[in-house]
Structure formats: C-alpha cells, structure tokens
Amino acid sequence: MVIQVQQSNHPHAFNAIGLAGPTASGKTAIALEIAKHWSIEIISVDSALVYKGMDIGTAKPSPQILNSVPHHLIDIREPTHAYSAAEFVKDASHCIEQIQSRGRIPLLVGGTMLYFKALRDGLDDLPVANPLVRMRIEDEAKQKSWPSMHTQLATIDPATAVRLPPHDAQRISRALEVFEITGQTLSSLFGKTSKTSMDLPLISLEPQSRAWLHQRIEQRFTQMLGDGFIAELHQLRQRGDLHPDLPSMRCVGYRQGWQVMDKNLNDDIPLSPEQIKKWHELGVIASRQLAKRQLTWLKSMPHRHIVDSDGPKVTEQILKTMDNFIHIQKSNVK
C-alpha cells in the first residue's frame, strides 16, 4: 500500500497543504510536479534556506526553479541572524493569507518538522529569549564545554537532555535559559500552547528502505562538494562576521566543513584530498543523523498521509492525494 492515510480529528477544510520528508527524499522535484497541475505558490519550511549566501550546502533550489514557481521564505536572513519557529509561524501565516488572496494554493515544502508542528499545532508558551542570560550560559560553556553543560541540563531536565546530543549548543543553551528565566523545565512547558493552530493536511515522503535514502544522501553531498560547496564556505568564513556557534553555521554540512577548515593552517591554502574526504565523511554521517531525526518527528505526527518515497509511481500517488485534498476543500467551501 503506497499511501497510508492517518486519522485526523481536524475538519477537512484547510489553510494550506504540506509536503514534508527527510533530507534528500525528493521534495523539491515533487513540488515542481505539483506546480504543473495546480496553481500553487511554495512556502519553504526549511531553517537553512532562509539564509542568504548559503546556496550549495543547503541544496537551495536553483534560480531557474525559483523563477519558475513563486517561492517564499528563502533568502530572508543574513547568516549572522537566527530565525525562530515563532518567526516562521508569523511569516508563513502571512504568506498563506497572501497566496490565498491571489486564488492560489499555498504549498508548504520542507524538512524542518518543528516548523510544521508549530504551524499546525500552535507554539508552546515559552518565554522570549533573554540575551544576558544566554550570554552568561555561553560564557560558562566556553569554560566548561557543551557536553558539560549537557550534563548540567540532565540534572535539571532529564527529559529534555535525553533527546539532545551533547554538542547541540543552541538547544542546550535554550533549555538552560528557559529554566533560569522561569524556574520551570522546558519539558514541563511543552504542550502549554498559547497560539491558535491551523488545519494543515500533510503529505509525508517516507522511504521504506533506509539504504535507499542513505545512498541518495551520499550522492547529493558528493554533488554539493563538486558544485562548489568548498568555495562557498570559504567565502562565508572570509566575511569575518561569522563563527561556528551561529545557528546558520551549525547547519549540517557547514558545521563539519568549518571544523575541517579550522584544522587548515591558512584559509588561503586549498584543502587537501584527505581533508575533503574527511568533510564528505562527516557531512554524510551528519546528514543521515538529520534524516533519522526528521523521520522520528514525522512519526509523531499522526495526521500525516504517508507516501513511500522509494516506491513505484510516487508522483502519481501524490498528485492523487492532492486532488483528493482539493476536491474535499471545494466541497466544504460550497
């Protein structure tokens, strides 16, 4: 059975349609096929594509693709700035309203599952960031290391610590910050939503064969390195205002490349074949780990409509699902 329709308690009328899946599962190609059959505009659901100047390592759609179908929430931030789930919900909601006003269908496409969840289920009632508290935590981490801070978090909030890698500086810092500001753990605050949610039927590209996905990930990372990823990261490092602790530079592929380049004595010296091989190895491993996390997120979304991304006639099945969604929507509007 190629399509598995999960039960949903939400009404059939929807605000937009989502197309999600792990990295390298074929989302962009499928979205372009959908655009051939319906009048859509694509809203990117990707925490890396928001950054300017990060094109090759994020597998950003080419200028030709971006010009062929209207795209939104791509290249909207400098890599020096963070972009939160709350900002995404605000921006995506505005895009959805504007696209609908033009008589088009908003299609949300990407792999940042937190963004999908925040848009569909609402945001948890968490405190806003406190720069002073965050700075103090980061200073402490510089002295002790992030794995040490992770150990500290485990004593405060074991439920959050167990799902975070010891080097996930951004999320460890946020969890400690929330506890210091509120006196409550991050895990205890999850589920206390203060924002309204929207109905968002979700098509989920999920491979049955993990080996199939791993092969595609390796092929894509090899292609990115061949297409100029090394020069792209070198140029970003030459800016002088970026560092490896920024959310942008912690993106998969960039973090590993930065580590490899840091071991080079001089940025003007080209990476050796051994260094490029190491970057490739680390990048592929990190991409596979990302895909695993994305699939775990998807499994927690019972409303999704699963399509085997490595199965036969994938495009036909998705077009059929889209047709069903749109038919139901038209029926509810009448």
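Readers should treat all values here as calculations from the given coordinates under stated rules, not as data from a laboratory. Bear in mind that the values here come from a model prediction, so they are computed numbers and not experimental data. Note that each Cβ is placed from the backbone with ideal geometry, even for glycine, and that neighbours are counted across all protein chains shown.
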*Once you've got the Cα coordinates, tell me which of 52/144; 60/263; 117/263 are over 29 Å apart.*
52/144; 117/263
*Give the residue from 219, 20, 156 lying farthest towards the positive end of the charge dipole for the chain; charges sit on Cβ (+1 for Lys and Arg, -1 for Asp and Glu) and the dipole is referred to the Cα centre.*
20
_Proxy reagent accessibility, fewest Cβ within 10 Å first, across 297, 146_ = 297, 146
*Given the chain, what percent of its DSSP beta bridges are antiparallel, to the nearest 5?*
15
_Which one, 53, 18, 253, has the greatest fluctuation when you compute a Gaussian network model over the chain with C-alpha springs under 10 angstrom?_
53
*Kirkwood estimate for the range 255-334, i.e. one over the average of 1/r between Cα atoms, Å*: 16.8
*When N counts the residues of the chain, how does its alpha-carbon radius of gyration compare numerically with 2.2 N^0.38 Å, as a ratio?*
1.03
*Value in Å of the Kirkwood radius, where the range 131-189 supplies the Cα pairs that are averaged*: 11.0
*asked:* Using only the alpha-carbon atoms, how far is helix 229-238 inclined from the longest principal axis of the chain? Give it as 0 to 90 degrees, nearest 10.
replied: 60
*Between residue 211 and residue 67, with labels modelled 7 Å along Cα→Cβ, what's the label distance in nm to one decimal, could you check?*
4.2
*Nearby aspartates and glutamates by direct alpha-carbon distance to residue 277 (threshold 13 angstrom, same-chain neighbours under 8 apart not counted)*: 218
*Round to the nearest 0.05 the FRET efficiency obtained for residue 267 and residue 162 when R0 = 22 Å and r is the Cβ-Cβ distance.*
0.05
*Give the angle, between 0 and 90 degrees and rounded to the nearest 10, that separates the Cα long axis of helix 210-226 from the longest principal axis of the Cα atoms of the chain.*
60
*asked:* If you fit an axis through the alpha-carbon atoms of helix 169-182 and take the longest principal axis of the Cα set of the chain, what angle between them do you get, 0 to 90°, nearest 10?
replied: 90
*Where the only charges are on Cβ atoms (+1 Lys, Arg; -1 Asp, Glu), what is the dipole of the chain about its Cα centre, to the nearest 20 debye?*
640
_Suppose a student asked you for the relative contact order of the chain, using Cα pairs under 8 Å spaced at least 6 residues apart; what percent would you report?_
30
*Can you give the helix-only mean residue ellipticity at 222 nm for the chain, where every DSSP H stretch with n ≥ 4 adds -39500 (n - 2.57) and the sum goes over all residues, rounded to the nearest 500 deg cm²/dmol?*
-16000 deg cm²/dmol
*Select from 272, 300, 315 the residue farthest towards the positive end of the dipole of the range 202-316; place +1 on Cβ of Lys and Arg, -1 on Cβ of Asp and Glu, and compute about the Cα centre.*
300
*asked:* Compute, for the range 240-334, the length of the dipole vector about the Cα centre, with Cβ point charges of +1 (Lys, Arg) and -1 (Asp, Glu) only. Units Debye, rounded to 20.
replied: 680
*Which one of 172, 135, 261 is farthest out on the positive end of the charge dipole of the chain, using unit charges on Cβ (Lys, Arg +1; Asp, Glu -1) and the Cα centre as origin?*
172
*When a footprinting reagent is the concern and you count Cβ atoms within 10 Å, what order do 232, 218, 274, 78 take, fewest first?*
274, 78, 218, 232
*Sorting 285, 42, 217 on the 10 Å Cβ count, fewest up front, what's the list?*
285, 217, 42
_the range 131-189, dipole about Cα centre (Lys/Arg Cβ +1, Asp/Glu Cβ -1), debye to the nearest 20_ = 100
